[in-house]
Structure formats: C-alpha cells, structure tokens
Amino acid sequence: MRATAALLVLLAACATSDSIEKQSAKLGGYAYEAPASWHGADTREPRSVTTSWAPSAEDNAHKESLVVIRTQLDPALAKAGVPEVERLLIAAQRELPHLHLAGATTKFVTDKGLTALRLDSEFVPPGLTATYHRTHVALLDGTTLIHLIYTTTDLSTEGQALVLVLQSIHRGEG
C-alpha cells in the first residue's frame with residue numbers, strides 16, 4: 001500500500017515539477033536541474049563526485065534532502081549489468097536502521113534514456129523516533145552509475161526535487 005501511495009505521489013509530482021523554479025547543476029560530465037530554492041554542496045572522492053541538496057533549515061520542516069552521486073562502475077560490475085546493480089541497491093538499503101522496504105525494485109527508462117532502478121524504503125535513524133522515507137534511484141549509463149537518494153519525513157512532500165532531477169539529468173554540460 002505504501003509503495004502504491006509513494007508512486008501516486010511521484011506521479012502527481014511529475015505534473016507539478018514544471019511549475020517550480022529551477023537552477024542548473026553539473027556533476028562529473030552530467031547536467032541536470034535542481035530546485036532554485038535548494039542549496040547544494042559538492043564533495044569529491046577518488047572514484048565519485050557528490051552533490052548534497054536541501055532547502056534552507058528554516059524551510060525544511062520535513063527534513064528533505066537529495067543526494068546525487070556519480071561514480072564509475074568496476075568493469076566486472078558494469079558487465080554484470082542491471083541484475084547485479086539491483087542486488088547491490090537492495091543490499092545497500094538493508095544497512096539502514098529499522099528498515100522497511102516499501103515494495104519491489106522498479107525498473108524504467110528516464111526521459112533522457114538512462115536505465116533506472118528505483119527502491120523505496122522507510123527507516124528510523126539512530127537516536128530518533130521519526131520515520132524517514134527514502135527513495136533511492138540508481139541510473140546506469142554504460143560504466144557510469146548515478147545515485148539519486150531522496151529522503152523526507154513526510155511522503156506528501158516527496159516528488160518535486162527528485163522528479164526534477166530525474167526528468168532532466170543527462171550526459172553533457174547543459
């Protein structure tokens with residue numbers, strides 16, 4: 001039931017993502033749009049580039065965040081393809097404390113032609129009592145893997161930031 005509700009919220013957000021103000025963003029050879037009112041912070045590691053997005057603290061009562069990670073796949077993992085990435089996606093979610101997977105992994109193709117795997121879950125962070133909702137989307141583009149990890153305490157807010165990035169992310173600079 002929760003997976004159905006999350007999907008309905010995401011579909012509703014698709015219809016409204018055109019109405020929010022946008023800013024252009026880049027991440028390791030990929031370009032996308034993010035909400036104009038959100039702030040991004042970049043980090044670089046030897047094998048990955050990350051941008052963490054969130055509204056300002058005073059505008060973030062529902063603890064929303066969106067993390068975009070670009071990494072290069074190990075050649076063996078790239079060769080193994082979608083089934084292995086799906087297995088690892090599920091395994092990664094199992095590391096969340098007090099986890100409840102909210103349905104099966106959904107496979108689809110983005111508007112820009114990237115293969116995508118989506119997994120919704122709920123968890124309670126250590127030391128907290130609030131349940132957080134997480135949508136983790138893994139985008140595959142050859143040997144590149146891009147993670148979109150959206151987290152919120154309120155499912156009714158889910159969608160706009162995640163959908164905006166998901167609809168717009170593509171290889172290139174703009």
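Just to be sure, is ALA138 of a type in the set (A, V, I, L, M) and assigned to a loop (DSSP other than H, G, I, E, B)?
no
Scan the stretch 54-61 and give yes if some residue there is under 14 Å from the mean Cα position of the chain (by Cα) and either charged (D, E, K, R) or modelled with pLDDT of 95 or more (or both), otherwise no.
Yes; the residues of the stretch 54-61 include at least one that is under 14 Å from the mean Cα position of the chain (by Cα) and either charged (D, E, K, R) or modelled with pLDDT of 95 or more (or both).
Residue check, PHE123 against (1) under 17 Å from the mean Cα position of the chain (by Cα); (2) loosely packed, with under 14 Cβ neighbours inside 10 Å, all met but one. Which one?
That leaves (2) as the condition not met.
Report, by residue number, each residue of the stretch 68-80 that is free of Cβ contacts under 8 Å to residues at least 24 places away in the same chain and loosely packed, with under 14 Cβ neighbours inside 10 Å.
ASP74, ALA76, LYS79 - these are the residues of the stretch 68-80 that are free of Cβ contacts under 8 Å to residues at least 24 places away in the same chain and loosely packed, with under 14 Cβ neighbours inside 10 Å.
Within the stretch 141-153, how many residues are touching a Lys or Arg at 6+ places or on another chain (Cβ under 7 Å), polar (S, T, N, Q) and either more than 20 Å from GLY40 (Cβ to Cβ) or crowded, with 19+ Cβ neighbours inside 10 Å (or both)?
Counting residues in the stretch 141-153 that are touching a Lys or Arg at 6+ places or on another chain (Cβ under 7 Å), polar (S, T, N, Q) and either more than 20 Å from GLY40 (Cβ to Cβ) or crowded, with 19+ Cβ neighbours inside 10 Å (or both) gives 3.
Out of all the residues in the stretch 18-46, which are in a loop (DSSP other than H, G, I, E, B) and within 18 Å of HIS170 (Cα to Cα)?
From the stretch 18-46, those in a loop (DSSP other than H, G, I, E, B) are 20-21, 28-29, 36-37, 45-46; that's our starting set.
Once the filter is applied, which keeps residues that are in a loop (DSSP other than H, G, I, E, B) and within 18 Å of HIS170 (Cα to Cα), the stretch 18-46 yields GLY28, GLY29.
Please go through the stretch 110-130 and pick out each residue that is on the phi < 0 side of the Ramachandran plot and out of contact with any strand residue (DSSP E or B) (no Cβ under 6 Å at 6 or more places or on another chain).
Once the filter is applied, which keeps residues that are on the phi < 0 side of the Ramachandran plot and out of contact with any strand residue (DSSP E or B) (no Cβ under 6 Å at 6 or more places or on another chain), the stretch 110-130 yields ASP111, VAL124, PRO125, PRO126, LEU128, THR129, ALA130.
Looking at ALA138, ALA116, ALA91, ALA104, which one is in contact with a helix residue (DSSP H, G or I) (Cβ under 9 Å, 6 or more places away or on another chain), among the hydrophobic types (A, V, I, L, M, F, W, C) and loosely packed, with under 13 Cβ neighbours inside 10 Å?
Residue meeting the stated conditions: ALA104.
The values are calculated or read from the model by the stated rules, or taken from the named source; none is laboratory data. This is a predicted model, so every value here is computed, not measured. Here Cβ is always computed from backbone atoms with ideal geometry, including for glycine, and neighbour counts include all displayed protein chains.
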